[in-house]
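Novice: Right, I'll just put the structure down here and ask away after.
The values are calculated or read from the model by the stated rules, or taken from the named source; none is laboratory data. Note that the structure is predicted; figures quoted are calculated from it, not measured.
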Amino acid sequence: MKTGNVAKSIKTFSKRAIKFMDDNSPAILTGFGILGSITGCVLAGKAAVKAHYILKDKHAEEAEKGIQMKKHEQIFSDVTAVASTMAPVVVVEAASVACIFGSYKINTKRLAALAAITVAKDKDFKEYRDKVKELLGDKKDEEIQREVIKDKIENMDDDDIVETTTNDILNAFENGDIERFYDPKSGRMFVSTRNKIREAVSDFNERFDQGEMWQSLNDFYGLIGLDYTDPGAKYQYTGDRRLDMRFGDAIESKGKACIPLMYDALMSEDHSW
């Protein structure tokens with residue numbers, strides 16, 4: 001192989017290795033942190049045995065020579081005597097903590113960057129939706145939404161229905177008011193009643209009249225008995241931008257009707273809320 005080709009291969013391998021380490025740095029640091037913690041425990045066990053015999057011989061020698069020290073002096077003397085024995089344990093454990101902390105810090109930065117990208121994309125999507133409404137009208141925009149939702153609902157069946165925590169659903173079964181609904185923001189199908197959902201929307205918006213500054217989509221989920229979701233915490237509503245929800249036309253799912261919930265939700269730029 002020519003010298004130029006060898007140098008090129010080494011350069012390519014180095015770039016790939018650096019990229020691999022950069023992409024997987026959190027996992028690598030976590031691995032080193034765990035390995036270091038285990039190694040530190042092993043070293044601590046060995047060092048403790050060694051320190052025990054060092055102090056035993058030291059105390060015997062001091063007793064033989066009649067050396068007496070005050071308590072704080074004795075402690076300082078003992079620590080100094082075993083410091084070199086325990087030093088490797090301290091270094092290894094400190095390095096392990098640094099690796100784990102470094103992994104956490106990198107992951108935090110990456111999640112923050114991902115959240116920023118998600119917000120930017122959500123803004124772009126809202127601008128796109130606004131332009132569709134402007135050019136084609138609200139009716140056409142809703143038809144497009146319906147077609148997108150339809151593709152998802154048609155592939156769902158009773159096994160995909162998630163449980164809700166509301167107790168009044170049992171009464172709805174008895175009265176025959178129960179229906180299947182689909183929430184497009186979380187991709188979940190659930191059973192409830194139109195009255196229950198209308199009441200939840202009303203209660204949600206009334207909180208703003210009672211002084212609430214902002215609420216997330218998760219607050220609405222709680223009112224209809226659905227579990228919280230991570231994206232649900234980022235969709236925010238305020239007194240100036242309330243939850244406006246309507247029922248879409250029923251869509252068949254495995255021979256059974258499912259009602260999509262139609263509403264807009266914009267991610268908040270401030271995730272510290």
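Novice: Tell me yes or no: at least one residue of region 52-60 is assigned by TED's automatic domain parsing to the domain that holds G36 and within 30 Å of I28 (Cα to Cα).
Specialist: The answer is no, given that none of the residues of region 52-60 is assigned by TED's automatic domain parsing to the domain that holds G36 and within 30 Å of I28 (Cα to Cα).
Novice: With the condition being under 21 Å from I144 (Cα atoms), I'd like the strands (runs of 3 or more DSSP E) fully within region 189-273 carrying at least 2 qualifying residues.
Specialist: Here the list reads 251-253, 256-262.
Novice: Out of (1) part of a helix (DSSP H, G or I); (2) modelled with pLDDT of 75 or more, what's the single condition that is false for Q68?
Specialist: Q68 satisfies every listed condition except (1).
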